[in-house]
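Below you'll find the structure, written out as structure tokens, and then a few comments.
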Amino acid sequence: MVGDKGLLKVSSMKGIMRFEKKGKVSPRFSPIEVSRRVGEVAYELAFPPSLSGVHPVFHASMLQKYHADESHKLDYITIQLDESLYYEEDPVAIVDRLVRQLRSKMISAVKVQ
């Protein structure tokens, strides 16, 4: 597991500042690299400089293995933006049609791919 990337599971407590977040909102992290094994079930993580005040050693139960999936990454180069930061998206195919009935009107929705 040393050298791999993992996701850190932390539970925020109300009123306690944890990982630059406050309150009940659970923080979300990008994958953090495991730098070394400290004990039988403890690992030291390599945090970014913004989290330098956080103790870097965590129990193995607080870590999840990170499985890199290249399909989730977006290619920002192919998107052409105009001056007002809008882009045109051309629909490829209509996948599904749905008509919802509200109290006084009907709303039609089309799912495109």
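No value in this document is a laboratory result; all are computed from the given coordinates. Everything numeric in this text was worked out from a predicted model, so none of it was measured. All Cβ positions, glycine included, derive from the backbone under ideal geometry; neighbour counts span all protein chains shown.
If I take R0 = 35 Å and measure r between the Cβ atoms of His67 and Leu102 in this structure, what FRET efficiency does the formula 1/(1 + (r/R0)^6) give, to the nearest 0.05?
FRET efficiency, His67 to Leu102: 0.25.
For Val38, list long-range residues whose amide hydrogen, built 1.01 Å from N in the peptide plane, is under 5 Å from its own amide hydrogen.
Tyr43, Glu44
Per residue of the stretch 93-99, in order, report the coupling 6.51 cos²θ - 1.76 cosθ + 1.60 (Karplus, θ = phi - 60°) as ³J(HN,Hα) in whole Hz, putting x for Gly and Pro.
For the stretch 93-99, the Karplus-derived couplings read 8, 7, 8, 8, 10, 8, 10 Hz, x marking Gly and Pro.
Which whole-Hz ³J(HN,Hα) couplings does the stretch 108-113 yield from phi under the Karplus relation 6.51 cos²θ - 1.76 cosθ + 1.60, θ = phi - 60°, glycine and proline marked x?
Using θ = phi - 60°, the values come out as 9, 10, 10, 9, 10, 10 Hz.
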